[in-house]
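To start, the structure under review is shown below, and the notes come after it.
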Amino acid sequence: MKYIIILFTFLLFSCEEKKDVLLPKSNVSIVKDVQDHSPIYIFFKIEGKDTLADVNRKNSIISTNWIFHIDKRLPLKLVIPEVIKLQKKKRGDSAHKNEKAENYYSYADSIGKNLAFLPFTKVYYKTGEPKFGVRIHFTKSNLVLVNGISVDKSDLQKYLQKIPSDKPNKFVFSFDKNLAFENYIHNKILIDSFEIPVPSLTNEEFIF
């Protein structure tokens, strides 16, 4: 637990208001190190009976890599609108734009005992249900639906590879808007492990 305490302490004192972020955990590191970065924090906040996503991006610099430290308890319906706003701002700032700068989500690797990162620079988030391609939907109840058919996660890659088509399939991933951010990260890491040809993927993700 020592590394978790150190990690949370780092996050706690990295922001002026001294709040903490409970990061998602996984057992694999997609990216282990990111240089020249700026932190963006999205905190879990309770105000009355409402849950809010409280954003702190005071120390972010457009020309650097951005690391999004997002509380694992937040649902996507609160997280993604804020991420869209920040992506739009970074993509639209031509004066300070750095084509090599990336965006990453942070999480804790519970096996490697390190902070890990998941790149999502090229992702364009859309609200609403996709109307094209092979639709892979991750539900709040941890089920996966492929064109409406329930598929076990452990069989998902093989299932996708066996879908018949007279032309190359286009795979479209979507996520329940009420899915917790931690589960979203788990699903993204799963997708990253699939051997899917790049032409078969779209850079759009749908939240509904």
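The values are calculated or read from the model by the stated rules, or taken from the named source; none is laboratory data. None of the values given here were measured: they were computed from a predicted structure. Methodologically, a virtual Cβ is constructed for each residue, glycine included, from the backbone with ideal geometry; neighbour enumeration extends over all protein chains shown.
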Flag for G133 being at positive phi and surrounded by 14 or more Cβ atoms within 10 Å (Cβ to Cβ): yes
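Is the stretch 125-134 home to any residue that is among the basic types (K, R) and under 16 Å from S200 (Cβ atoms)? Spell out how you get there, then give the answer.
Restricting attention to the stretch 125-134, the residues satisfying the condition of being among the basic types (K, R) are 126, 131.
Applying the additional criterion that residues be under 16 Å from S200 (Cβ atoms) yields none.
No, the stretch 125-134 contains no residue that is among the basic types (K, R) and under 16 Å from S200 (Cβ atoms).
Can you tell me which of F175, F171 is surrounded by 14 or more Cβ atoms within 10 Å (Cβ to Cβ) and either within 30 Å of T51 (Cα to Cα) or within 13 Å of the chain's Cα centre (by Cα) (or both)?
After applying the criteria, what remains is F175.
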Where Y184 falls short, out of the listed (1) surrounded by 19 or more Cβ atoms within 10 Å (Cβ to Cβ); (2) more than 19 Å from Q87 (Cα to Cα); (3) not hydrophobic (A, V, I, L, M, F, W, C): (2)
Candidates L7, L78 - the one that is buried (at least 17 other Cβ atoms within 10 Å of the Cβ), outside any strand (DSSP E or B) and modelled with pLDDT of 95 or more: L78
